[in-house]
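Working notes, structure below.
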């Protein structure tokens, strides 16, 4: 399963590589990282023929995660990618905006990687 992680904080890459070391080594999961919404859009053009799950931070400079979500749901209809929104702010406004724009799930920081791994396994099966 190819997973695109979008977050403006660079240390997220190291964190995911550490927490998913076993899954990466076995080839069950392959992570690609974008550090802005704009970079994610560019990467998605290259990944368009692959099944991609997208984990996106909401609060980023430039194109926000919500802007990215809206773009993804309009441009990538078949097959629609699974998009999980991640934010440090678990407020109802972000949740309802995410749902309205078509997010498949909503996670809050700090991430519970056990919960995230279970959700990813469900999607993969």
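Among the residues of the range 40-77, those that are assigned to a helix (DSSP H, G or I) and surrounded by fewer than 18 Cβ atoms within 10 Å (Cβ to Cβ) comprise 41, 42, 43, 45, 46, 67, 70, 71, 73, 74, 75. Can you pull out the residues in the range 31-58 that are closer than 19 Å to residue 107 by Cβ and touching a strand residue (DSSP E or B) at 6+ places or on another chain (Cβ under 6 Å)? Passing the criteria: 31, 32, 33, 34, 40, 52, 53, 54, 55, 56, 57, 58. Among the residues of the range 78-97, what is the count of those that are closer than 20 Å to residue 32 by Cβ and either surrounded by 11 or more Cβ atoms within 10 Å (Cβ to Cβ) or at pLDDT 85 or above (or both)? Qualifying residue count for the region: 7. Contact map, the range 15-31: residues that are more than 17 Å from residue 4 (Cβ to Cβ) paired with residues that are assigned to a loop (DSSP other than H, G, I, E, B), Cβ distance under 7 Å, separation 6+ or inter-chain. No pairs are found. For the range 1-30, which positions are touching a strand residue (DSSP E or B) at 6+ places or on another chain (Cβ under 6 Å), closer than 19 Å to residue 118 by Cα and surrounded by fewer than 18 Cβ atoms within 10 Å (Cβ to Cβ)? Across the range 1-30, the qualifying residues are 2, 30.
The values are calculated or read from the model by the stated rules, or taken from the named source; none is laboratory data. Since this is a predicted model, take the numbers as computed values, not measurements. Note that we place each Cβ from the backbone using ideal geometry, even for glycine, and neighbour counts take in every protein chain shown.
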